[in-house]
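The values are calculated or read from the model by the stated rules, or taken from the named source; none is laboratory data. Quick caveat, the model's predicted, so the values are computed rather than measured. Methodologically, a virtual Cβ is constructed for each residue, glycine included, from the backbone with ideal geometry; neighbour enumeration extends over all protein chains shown. Areas reflect the complete protein model, heavy atoms only, side chains present, ligands, DNA and RNA absent. Shrake-Rupley method; radii C 1.70, N 1.55, O 1.52, S 1.80 Å.
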Amino acid sequence: MNDLIQSIPKGVKLVAVSKTHSCETIRQTYNKGLRIFGENRVHELAEKYKELPKDIEWHFIGHLQTNKIKHIAPFVHFIHSVDSSGLLAAINREAAKHNRIIKCLLQIHIAKEETKFGFPIAELQEYLSTKEFLKYTFVKIVGLMGIATFTDDFVQIRNEFRTLRQTFDMLKKTVFASDADFCELSMGMSNDYKIAIDEGSTIIRTGTLIFGERDYSKL
Ligand SMILES: *Cc1c(COP(=O)(O)O)cnc(C)c1O
């Protein structure tokens, strides 16, 4: 873990992806100084929030269903996985109930796999051009997120990250030109974070590198 932390340039945030790991394990990592943790299931996150120190910044990184937002809206810091206009509207409604502003990243579909979530780039542009998001007071779009294809082909992974970066740059020059808060690019996991940083990532999401392999049978 120390090697990982030392290899990350200043200005790149590290999300310790703690899904499937126990509160005890998370606490050990917390005691080493990490404060940003990421989870991909609503109930698991809500339980861990209750147990663990309140100065943890919780990031939600998984597919989010509208009817479950209420369980994390009181405390979640960042939602990386906004993949529809309806979801953004619903997060705004739930955040309003707690008078909080939740930072959101729009998830873009960059992988070749059909199964991954996210806006197709063309659809995203169309949606953003309506400027509908400007009327939401309780969500703040701070950037983009993407997950590369699960493959050993590093050229392909690099190309996917590059596409995401170019989309980010294009939006930064157009829709978000006067918005300094639009500055985050969440890309890179344990197996591809170095490529992601090379391609301009500002937030990497690593689980296995920090906690070791996940054991799904314990859930
Ligand atoms: C699980 C997960 C990660 C972390 O994956 P590792 O390969 O363990 O680093 C990152 N991002 C998302 C969206 C995830 O679901």
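General remarks:
- If the condition is being away from the ligand (no atom under 16 Å from the Cβ), surrounded by 12 or more Cβ atoms within 10 Å (Cβ to Cβ) and more than 14 Å from the chain's Cα centre (by Cα), then the range 127-150 contributes Y127, L128, E132, F133, Y136, F138, V139.
- Some residue of the range 156-176 being within 13 Å of the ligand (Cβ to nearest atom), of a type outside the set (K, R) and more than 20 Å from F60 (Cα to Cα): yes
- Residue satisfying all of: in the range 185-205; surrounded by fewer than 21 Cβ atoms within 10 Å (Cβ to Cβ) and within 13 Å of the chain's Cα centre (by Cα); farthest from the ligand (Cβ to nearest atom) among these: T202
- Of the numbered criteria (1) over 19 Å from A16 (Cβ atoms); (2) open to solvent by less than 50 Å² (accessible area, probe 1.4 Å); (3) within 16 Å of the ligand (Cβ to nearest atom), the one H109 fails is (2).
- Selected residue (criterion: farthest from the ligand (Cβ to nearest atom)) from residues of the range 48-62 that are open to solvent by less than 10 Å² (accessible area, probe 1.4 Å) and of a type in the set (F, W, Y): W58
- Count - residues of the range 63-87 that are surrounded by fewer than 20 Cβ atoms within 10 Å (Cβ to Cβ) and either outside any loop (DSSP other than H, G, I, E, B) or without any contact (Cβ under 8 Å) to a residue 24 or more places away in the chain (or both): 8
- Every pair of residues 6+ apart whose Cβ atoms lie under 8 Å, when the first sits in the range 20-38 and is in a loop (DSSP other than H, G, I, E, B) while the second is open to solvent by 60 Å² or more (accessible area, probe 1.4 Å): T20/R214; T20/D215; T20/Y216; T20/K218; T20/L219; H21/R214; R35/D55
- For the range 1-33, the set of residues classified as out of contact with any strand residue (DSSP E or B) (no Cβ under 9 Å at 6 or more places or on another chain), within 16 Å of the ligand (Cβ to nearest atom), at pLDDT below 95 and of a type outside the set (D, E) consists of S7 only.
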